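Input: one structure, supplied below.
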Amino acid sequence: MKPFNLDTSYTAYSNYEVFLLIKGILSKKFNEFETSYIRLLSISHLMLYITNDSLLNSTIRLLKECDLLNSEKDFEKPLYNILSNVIYNEQDCTRIRAFTYSSMFEYELKIKAHKGLYIKNLPKLDLSVNSRNFKNNINEIDKLLKKESINYVANEVTGKLENIKQKEEFKKLIESMDNVDYQNDTKFFKKDIKHLKILKDNILSNENGIEKNIKHHFYCQIGALFAQGFIFMESKNNYMYKNKSFTDITALTKYIQNDVLQNKKSVRQYIQNTINGNGIKNFYKSKIMMGKIINYCNENNLKVTHTFQDKFNKINDLYNI
């Protein structure tokens with residue numbers, strides 16, 4: 001979000017108007033999670049307009065009764081230190097509390113909405129203050145959640161279908177995103193649409209639209225090198241293939257492609273994403289790919305390390321909860 005200024009930000013609604021809007025939102029039944037999510041998110045936004053301590057306290061109590069604002073204890077001390085500053089008057093303190101609780105509320109809502117995702121190193125909510133300007137890192141968290149949602153759909157949902165059906169599902173997803181951008185005159189999904197189109201176009205099928213009978217994907221050969229513990233990062237700028245050392249990923253990937261696999265197909269993105277721990281082709285974040293790699297190793301009598309097996313067990317258990 002843009003910096004929250006105590007004097008100029010979110011002044012369009014009076015406390016009474018905020019009260020009526022929140023009352024109107026809560027008077028409707030929450031029949032579906034999606035609708036409930038949007039309404040609750042609206043309440044978190046409306047809290048930013050509150051300047052009355054009584055209205056703010058009653059709103060906070062209401063949210064706590066709904067088992068929300070569970071992260072309150074994490075911000076009690078920092079909030080107390082800010083409010084103790086003599087430069088803030090009573091109304092300033094109310095607005096600072098409103099900003100803080102609104103941020104907590106929005107953060108918790110978004111984490112709950114994406115609770116099915118396995119996200120490594122998800123940033124915690126961070127609030128910063130500079131005199132009369134306040135900021136949070138919700139936008140950064142939003143971008144990460146959106147990216148991981150796309151990865152999840154591509155790897156764990158669409159990836160379970162046959163190739164022809166995969167293409168159909170990718171097409172539906174792309175059309176939905178494109179429609180949202182068109183209706184709202186935005187480019188919010190522009191990068192995601194481009195990425196999904198590449199994934200869709202890379203799905204193998206013959207001219208008649210019939211899925212090719214490929215026993216194992218090429219990435220299984222790359223993944224098998226990780227599964228056997230051959231590829232790893234020893235330290236910063238020191239990438240290993242068995243006992244051979246490379247100073248950068250580019251040199252490593254060229255060696256794997258030309259000398260180990262002896263194949264013209266690109267291996268760089270799989271290796272780079274997996275070593276760096278992010279990206280759509282990171283083996284360690286895909287139950288589907290890891291499962292296929294282990295099957296490939298078993299069928300070819302290749303020994304899988306305990307580390308690789310443990311990573312698969314962990315992500316497999318996570319998606320089976």
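What is the calculated FRET efficiency for K77 to S128, with r their C-beta to C-beta distance and R₀ = 22 Å, to the nearest 0.05?
Values: r = 15 Å, r/R0 = 0.70.
Once the sixth-power term is evaluated, E becomes 0.90.
Under the 0.36 nm per residue contour assumption, what length would be gained going from the current alpha-carbon distance of T8 and L20 to full extension? Please list the in-between numbers first.
On the way: separation 12, 0.36 × 12 = 4.32 nm, distance 2.22 nm.
Extra length available between T8 and L20 comes to 2.1 nm.
Sorted by packing (mean other beta-carbon atoms within 10 Å per residue), highest first, where do 73-80, 16-23, 253-260 land?
Numbers: 73-80: 11.8, 16-23: 14.9, 253-260: 16.5.
The densest-packed peptide leads the list: 253-260, 16-23, 73-80.
What FRET efficiency, computed as 1/(1 + (r/R0)^6) with R0 = 35 Å and r the Cβ-Cβ distance, is obtained for N89 and S176, rounded to the nearest 0.05?
Working: r = 48 Å, r/R0 = 1.37.
Given R0 = 35 Å and the Cβ-Cβ separation, E is 0.15.
Given a cut-off of 26 Å, name the pairs among K190/K264; K146/K194; K124/K200; K200/K244; K143/K172 whose C-alpha atoms lie farther apart than that in the structure shown.
Details: K190/K264 30 Å; K146/K194 14 Å; K124/K200 33 Å; K200/K244 36 Å; K143/K172 22 Å.
Table pairs above 26 Å Cα-Cα are K190/K264; K124/K200; K200/K244.
Order the peptides 234-240, 51-57 from the highest to the lowest mean number of other Cβ atoms within 10 Å of their residues.
Values: 234-240: 12.4, 51-57: 16.1.
Going by the mean number of other Cβ atoms within 10 Å, highest first, we get 51-57, 234-240.
Out of T253, M290, I280, whose Cα points farthest toward the positive end of the dipole of segment 250-301 (charges: +1 Lys, Arg; -1 Asp, Glu; placed on Cβ)?
Going by the Cα projections, it comes out as I280.
Every read-out reported here was derived from the displayed coordinates using simple, explicitly stated rules and does not represent laboratory data. Worth saying up front: this structure is predicted, and the values here are computed from it rather than measured. Glycine also receives a Cβ, built like all others from the backbone with ideal geometry; neighbour counts cover every protein chain displayed.
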